[in-house]
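The values are calculated or read from the model by the stated rules, or taken from the named source; none is laboratory data. In this text, all values refer to a predicted model and were calculated from it rather than measured experimentally. Don't worry about glycine lacking a Cβ; one is built from the backbone with ideal geometry, like all the others, and counts go over all protein chains shown. What goes into the accessible areas is simple: the full protein's heavy atoms, side chains included, and nothing from ligands, DNA or RNA. Shrake-Rupley method; radii C 1.70, N 1.55, O 1.52, S 1.80 Å.
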Amino acid sequence: MAWDTLIVEVEDNVALVRLNRPEALNALNSQLMSELARALTELDRDDQVRCIVLTGSDKAFAAGADIKEMSTKGFVDMFTEDFFTADSETLLRVRKPIIAAVSGYALGGGCELAMMCDFIICSESAKFGQPEINLGVVAGIGGTQRLTRFVGKSKSMDMHLTGRFMDAAEAERSGLVSRVVPVADLVKEAMDAARKIASKSQVAVKVVKETVNRSYETTLREGVLYERRIFHALFASEDQKEGMAAFSEKRQPQFRDR
Ligand code: CAA
């Protein structure tokens, strides 16, 4: 499928999805968000694909929602269109892991999009921010909630209220990103991580994604109980038998995703 605002390639069971609106630093307009939601849904259904990497350019992952598209809208337009809700909910329904690979600007909706992925690897040039305050608005696709959970209230308030940017070192220190690598290595690092994930039992991979995400939605006690029951349930899978037998026999497991 050809896209106007994305470049999608599949290699070694990993899909690389590149945001591609260089003229606007990959600003998220309705077309891009709709194409991204459709592309990720297709990749989620594609048996050849076992993990997804979402990236931008060296200059920008995405510089936010498209300000030019939004600027003339009124409340009724935004409310009636339910701006970005359907597409962002679609992203969150993808069951395969999505790694955000961020270089350059990840601002506003761009930072929020990265946080909707399962984890973020960034390069030394990354700059994260929620500068909506400078436009007289607030984050609109989860920034106030997700950034607060990632980095805590104090830093989140600072970012949202002052609109300042956070560099890669601060993002790693604060737990927003899992690793920082040189710009030139970013996509390779993310693709290597994705290939590693693609080599695991896909039953266990989906379970891990669901179970970690559960920690955002429930209490500690309920989350631990959910994890324990799912852990028990995996003993009904062939891949659990294979993984544990391979360990005892000192060989690599041959997972069959069953
Ligand atoms: N929307 C639309 N166009 C954008 C854009 C955005 N968010 N960000 C950058 N662009 C466009 C610029 O208008 C410019 O286009 P023209 O050449 O046609 O003028 C082009 O991309 C290059 O940008 P700059 O010339 O500004 O590049 P720079 O290197 O000087 O500055 C920047 C880079 C600091 C990222 C600056 O572009 C900027 O501040 N962008 C806006 C960031 C922002 O406020 N994001 C939040 C948006 S609101 C939001 O996201 C709400 C939400 O939560 C859903």
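Can you pull out the residues in segment 216-249 that are within 22 Å of Asp118 (Cβ to Cβ), open to solvent by 90 Å² or more (accessible area, probe 1.4 Å) and aliphatic (A, V, I, L, M)?
Within segment 216-249, Leu220 is the sole residue that qualifies.
Filtering segment 4-35 down to residues that are within 11 Å of the ligand (Cβ to nearest atom) and not in a helix (DSSP H, G or I), which residue is most open to solvent (accessible area, probe 1.4 Å)?
Top of the filtered list is Leu25.
Give me the residue from segment 200-258 that is among the basic types (Lys, Arg), farther than 25 Å from Val49 by Cβ and part of a loop (DSSP other than H, G, I, E, B) and, out of that set, nearest to the chain's Cα centre (by Cα). Walk me through it before giving the result.
Let us first name the residues in segment 200-258 that are among the basic types (Lys, Arg), namely 200, 206, 209, 214, 221, 228-229, 241, 250-251, 256, 258.
Narrowing the set further to residues that are farther than 25 Å from Val49 by Cβ leaves 221, 228-229, 241, 250-251.
Now drop any that are not part of a loop (DSSP other than H, G, I, E, B), which leaves 250-251.
Working: Lys250: 35, Arg251: 33 Å.
The extreme case among them is Arg251.
Please go through (1) open to solvent by less than 20 Å² (accessible area, probe 1.4 Å); (2) farther than 30 Å from Arg45 by Cα; (3) among the polar types (S, T, N, Q) for Ser201 and return the number of the only condition it doesn't satisfy.
Every listed condition holds for Ser201 apart from (2).
Yes or no, residue by residue, for (1) within 12 Å of the ligand (Cβ to nearest atom); (2) outside any loop (DSSP other than H, G, I, E, B):
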residue	(1), (2)
Arg95	no, no
Leu113	yes, yes
Gly140	yes, no
Asp158	no, yes
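Tell me which of these Glu69 doesn't satisfy, since it passes every other one: (1) more than 13 Å from the ligand (Cβ to nearest atom); (2) not in a loop (DSSP other than H, G, I, E, B).
Result: Glu69 passes all but (1).
Could you pull out the residue among Gly108, Gly74 that is small (Gly, Ala, Ser) and within 12 Å of the ligand (Cβ to nearest atom)? Working first, answer last.
Working: Gly74 fails: within 12 Å of the ligand (Cβ to nearest atom).
Selected residue: Gly108, the only one of Gly108, Gly74 that is small (Gly, Ala, Ser) and within 12 Å of the ligand (Cβ to nearest atom).
Sort out which residues of segment 115-136 are aromatic (Phe, Trp, Tyr) and more than 16 Å from the ligand (Cβ to nearest atom), and write them in order of number.
Going through segment 115-136, the residues aromatic (Phe, Trp, Tyr) turn out to be 119, 128.
The one that is aromatic (Phe, Trp, Tyr) and more than 16 Å from the ligand (Cβ to nearest atom): Phe119.
Can you give me the number of residues within segment 184-198 that are over 18 Å from the mean Cα position of the chain (by Cα) and surrounded by 15 or more Cβ atoms within 10 Å (Cβ to Cβ)?
Kept after step one, since they are over 18 Å from the mean Cα position of the chain (by Cα), are these residues of segment 184-198: 184-185.
Filter again for surrounded by 15 or more Cβ atoms within 10 Å (Cβ to Cβ), leaving none.
Residues flagged as over 18 Å from the mean Cα position of the chain (by Cα) and surrounded by 15 or more Cβ atoms within 10 Å (Cβ to Cβ) within segment 184-198 amount to 0.
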